[in-house]
Amino acid sequence: MKNLKLTRIVILLCLLGSALLSQAAPDPNFHIYICWGQSNMEGNATVPDAEKKGVSERFKLLYSADNCNQCGRKKGAWMTATPPLARCFHWNNGGFGPIDYFGRTLVDKLDPSIKVGVIVVACGGADIQLFEKDRYQSYLNTCADWLKGYAQAYGSNPYGRIIDMAKKAQEEGFIKGILVHQGETNNMQATWPGRLKAIYENMLTDLNLKASEVPLLVGETRRDGACRGHNDIIKTVPNTIPTSYVVSSEGCQAANDEFHFTVEGYKKLGQNYANVMLKYLEESGSLKKDLLVATTINKEDEPGEVSISVSVENNAIQKVDIYADNQLIASNQKEFVWENVTKGSHKIWAVGYDYNNKEYKSAESEISIFEEQRPYNGTPAKIPGKIEAEEFDYGGEGNAYHDNDEQNRNGGTIRDESVDMSNTAIGYTQTGEWLEYTVEIEEDGEYSVESRVASGSSSSQFTLYLDNQFIIPGADGTPGGFVDVPNTGDWDTYTSVETKLNYLTKGKHILKIEITGDWVDLDYLKFNLISSATDLNTISIDSNVIPDGEYMVFDVLGRCIKTVEVQNGQPIGLTQGAYYLKGKNGVTFSILIGE
């Protein structure tokens, strides 16, 4: 059902301004995360085939291992983040880990203007010493050959590879956080938090980052298994690193070993990382809006007028231009009235410029200018009276009517509309389609409607609204009923169906016919006045003159609300208030029930 039409509609865009890709400056809407650690960060689970499909193009991986000819991946190249994310795994199709659903969760929950990039450098079984920039070599000199092989994929210097890749990433976007999952090899070592702090601070220094802007997210080990005790050490990390946050592993499904997680466990852990990061971004104001574009459509003007205002929250932005439909319409203005806008859909956006002339573009606001809705014959159709179905209002698709396709499948007509219609009726109707008519009700009162209909189906049906309110009583007397169209045996064999309506009030209204069961053919609607307000017998409830029997009860707005029994002149079950009671013989009483 279409919403009640308003004379003014406000469309509000509230998105981060994105630096245009043509600029050399990094894009503030490209959020990048450094992810490092050992086997759980690398991903120990086999990658399900289903997880290799449907990854959003907004989730990017900067491949950080050496070139992999077998996988076709090149060091330092951006790609859609299809697992595995750390390095190529050939022997067991492994490499599914927490970063897969860390990134997927972020792109699902962040504004669509934001991209997420990850740099993953991890070596299964590695001691934290492998990431200590001044001590990694002595560790590699004595570690197992298989671990040396893992490190070789990162030039035998995983920390150095992180810095090299992060600097490359900073040419495209901004580093927003550092994620670590490491500690099983350093299980329950009291010095671990201090060593972690040193690595974190080295990364901040080498990449010219601020701890206040780039938090460290530290993931817990499994809640069971051989290293569960290390979680007590991890809990103390925020005492050592004030800008760190612990990521819980509670509820993360364990694999059939002592250290790792299943696919579902890694999904949950990744979501936990993402939720911690999202909370940080929100609380720190990192998602502050740069450009806000509000467009107001004044539908009283013809062909259309759009008021545009731009709110700038980024103090660095010095100038704002406004664009519509790929054309500059206002230069160096934050307020603008776009006049004589033609009917149809239009896109509006703003571009801001800072001191260095770097550009920030808001998201696009799509608006629609409708043709003015007006009666078919120039004046509202009269009620009581007959309304021809094909004489619906002018105003076009989505405004005066809705049809499920653009083709008129009912033959020739003098009207150039997508409604399925002839010059005398509408047909080929389908559920959800609707038509509107501007009407003038000449007198308050109770009405019935005679519908001239045909159908070759036994489930055809429609309902009626007045100003988007049901006017056909339901089976229990409450609003929300329907006109059931009988199967007349042929699409051109018409019959009349009489339907009682709720109380209608005098004045100009919008009548709407909505198809609720396919294949209604409709010739006309004829509205008949049953009783007017002047016909009502107004009495006090204390007068005891209402004959006993069953009555339909209407409120003061003419809505049928229930059915009651009158016994000994008294309606049973009505509370204090004013009502209309209509009996089976058509006599209507206006009653007032006092305290």
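Condition test on TYR101, is it in contact with a Lys or Arg (Cβ under 6 Å, 6 or more places away or on another chain) and part of a helix (DSSP H, G or I)? Yes. Of all residues in the stretch 323-367, those satisfying the criterion of being open to solvent by 40 Å² or more (accessible area, probe 1.4 Å), over 30 Å from GLU417 (Cα atoms), at pLDDT below 85 and not charged (D, E, K, R) are TYR355, ASN356, ASN357.
The residues of the stretch 139-184 that are open to solvent by 60 Å² or more (accessible area, probe 1.4 Å) and either of a type outside the set (A, V, I, L, M, F, W, C) or more than 38 Å from the chain's Cα centre (by Cα) (or both), listed by number, are ASN141, THR142, ASP145, TRP146, LYS148, TYR150, GLN152, ASP164, LYS167, LYS168, GLU171, GLU172.
Count of the stretch 485-502 residues, restricted to those that are open to solvent by less than 20 Å² (accessible area, probe 1.4 Å) and out of contact with any Ser or Thr (no Cβ under 7 Å at 6 or more places or on another chain), is 1. Applying the criterion of at least 3 residues that are at pLDDT 80 or above, of a type outside the set (A, V, I, L, M, F, W, C) and under 30 Å from ALA425 (Cα atoms) to the strands (runs of 3 or more DSSP E) found wholly in the stretch 517-587 leaves 521-532.
Scan the stretch 168-198 for residues that are hydrophobic (A, V, I, L, M, F, W, C) and within 25 Å of ALA77 (Cα to Cα) and jot them down. If the condition is that a residue be hydrophobic (A, V, I, L, M, F, W, C) and within 25 Å of ALA77 (Cα to Cα), then ALA169, PHE174, ILE175, ILE178, LEU179, VAL180 are the ones that fit. Do we find that PHE470 is in contact with a Ser or Thr (Cβ under 6 Å, 6 or more places away or on another chain) and touching a residue at least 24 places away in the same chain (Cβ under 8 Å) in this structure? Against the criterion (in contact with a Ser or Thr (Cβ under 6 Å, 6 or more places away or on another chain) and touching a residue at least 24 places away in the same chain (Cβ under 8 Å)), PHE470 does not qualify. If you filter the stretch 368-407 down to residues that are modelled with pLDDT under 90 and of a type in the set (D, E, K, R), you find that the one that is surrounded by the fewest Cβ atoms within 10 Å (Cβ to Cβ) is GLU406. Where strands (runs of 3 or more DSSP E) sit wholly within the stretch 27-84, those with at least 1 residues that are touching a strand residue (DSSP E or B) at 6+ places or on another chain (Cβ under 6 Å) and open to solvent by 60 Å² or more (accessible area, probe 1.4 Å) occupy 78-80.
ASN315 satisfies every condition listed in (1) among the polar types (S, T, N, Q); (2) open to solvent by less than 70 Å² (accessible area, probe 1.4 Å); (3) modelled with pLDDT under 80; (4) out of contact with any Phe, Trp or Tyr (no Cβ under 9 Å at 6 or more places or on another chain) except (2). In the stretch 247-259, the residue that is nearest to GLY177 (Cα to Cα) out of those that are open to solvent by less than 50 Å² (accessible area, probe 1.4 Å) and hydrophobic (A, V, I, L, M, F, W, C) is VAL247. As a summary of the residue check, GLU450 satisfies the conditions (1) more than 37 Å from the chain's Cα centre (by Cα); (2) in a loop (DSSP other than H, G, I, E, B); (3) closer than 22 Å to THR495 by Cα except for the one numbered (2).
The values are calculated or read from the model by the stated rules, or taken from the named source; none is laboratory data. Every value quoted in this text rests on a predicted model; they were computed, and no experiment measured them. Because the Cβ atoms are built from the backbone with ideal geometry, glycine has one as well, and the counts that use them run over all protein chains shown. These area figures cover heavy atoms from the full protein model, side chains too; ligands, DNA and RNA do not enter into them. Shrake-Rupley method; radii C 1.70, N 1.55, O 1.52, S 1.80 Å.
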